[in-house]
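First up is the structure itself, then whatever we jot down about it.
Just so you know, all these numbers are worked out from the coordinates, no wet-lab data involved. Computed from a predicted model, the values in this text were never measured in an experiment. All Cβ positions, glycine included, derive from the backbone under ideal geometry; neighbour counts span all protein chains shown.
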Amino acid sequence: MVSRAALLVPARKILICALIFLGLLALYGWQLSRPAVLVWDEQIHVPAAQAVLAGTGPKLHFLRHPPLGKEIMALSIWALGEGFFTYRFPSALAAAASGLLVFLLGWKLTNRWGTGIVAVLFWSTSTLVYLHARLAMLDMMTTFFFLAAWCAYFPIIKNPQASSRNWLYLACALVAIGGGIKIIDFILYPIFFLGLILLRRQWPLKKSLPHFFIAALGFPILFFCLAFLREGYSLPEFRGLLRAMYALQVLPHRDFAGLSPWYDWFLLKAQVWYWSPHHSSSQRFGALCVNNPVLWLAGTVSILFLLLRGPKSQRLGIWLFSLAVPLQIVFWMIFKKQTILTYGLLLEPMFCIATPALLQAFSAKLKKVPNLFWIWSLILVLGSGYYFWRVFPEVFGQFY
């Protein structure tokens, strides 16, 4: 018979998770229907979702991204009716759920609940997350599946065994779903593969790799065929769309390859736009929305240190997680011409988790100083929160 004390522990965890999710949903859902006009890529995705719902064959709307994200928006419109709130609700819901996964990943990767708490605090101060959570775009939904795939892959890193193949299939399926929204999720497959190579003693490659290749190749083919063929595409059209979206005609694709200068990556130029009265309001708005420089600077330093520590067995999970940052940079170098910060939403959870993970590692070595982790974390969270509060009147006034 299960004791009452044993039941209280999971009950408390469920309560904490519920409070985090509902709190974030309230933050991102407040006055979600404003602005009452379609902005930026909403002008592409919302008409595509409406066309999916109407069954009018929205082929032209899928030239840039796969159809799954638009189909999720269409489901929201079908369930809740037409309106700016329903267009954006999937993004707000995904942002709240992603924040919860950031908390859980930070906790599980370091075995410290404090890491998860600090990570979700950083997440709540991200201007980039707030922006995408309040717009009918694809980025927040694909970020959720990106993090969900990490959560499914983590048990393999923690305790490799024969049953890990079930987690591997689930992780690859979640990557495929995210890739069915926006292709950037597929950067996880090389990381998962590397993880299996490093775990070869605990889970031999003869057992792990066949399952990986079946899942990594099978799920994307299945989901893409179901999505595109359901929308009425012929096989040549399907093949042409995949070539266009993935830019696989030539590597590197000469029309897309390249990155903006390094000072764009850390938004130094954008900060100049903010403080200078000589630039347009649209430049100022875009610069402030892209990211929180305190979070990005702390996260970049943390990722660098964690990568230099190497793939030690006890830190393999956080090392692989950190590896996604340089891998994403390589991805954008091959496939895109835009600066990585323009579409760098997937870097936000890595920075949110890596920063407290590094602070936790350093504070553990300095045991003579009590609560050093919380002191350092509080300073950085307050700095990140101050930037969020400082820009609120100008940036978020656009929404309210």
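Couple of notes before you dig in:
- Under 15 Å, Cβ to Cβ, from residue 210 - net charge with Lys/Arg +1 and Asp/Glu -1: +4
- Extension gain, residue 159 back to residue 78 (0.36 nm per residue minus Cα-Cα distance, nm): 25.0 nm
- Taking the number of Cβ atoms within 10 Å of each Cβ as an exposure proxy, the fewest-first ranking of 132, 211, 65 is 211, 65, 132.
- Net length available on complete extension from residue 18 to residue 201 is 62.1 nm, with 0.36 nm assigned per residue and the Cα-Cα distance removed.
- Förster radius 35 Å - calculated FRET efficiency between residue 305 and residue 209, Cβ distance, rounded to 0.05: 0.65
- Judged by the mean number of other Cβ atoms found within 10 Å, the most tightly packed of the peptides 178-191, 142-155, 318-331 leads the ranking 142-155, 178-191, 318-331.
- Remark: spin-label model distance residue 362-residue 194 equals 2.4 nm, labels positioned 7 Å along the Cα→Cβ axis.
- Theoretical FRET efficiency, 1/(1+(r/R0)^6), r = Cβ-Cβ of residue 186 and residue 390, R0 56 Å, to 0.05: 0.95
- Positive minus negative residues near residue 29 (Lys, Arg vs Asp, Glu; Cβ under 13 Å): +3
- Ranking of 203, 113, 389 by count of other Cβ atoms within 10 Å, fewest first: 389, 113, 203
- Using a cut-off of 30 Å between Cα atoms, the listed pairs 108/207; 158/206; 108/206; 13/70; 70/158 include 13/70; 70/158 as exceeding that distance.
- Theoretical gain in end-to-end length, residue 54 to residue 329 [0.36 nm per residue, Cα-Cα removed]: 95.2 nm
- Shown is the FRET efficiency for residue 221 and residue 11, computed with R0 = 45 Å from the Cβ-Cβ distance and rounded to the nearest 0.05: 0.60.
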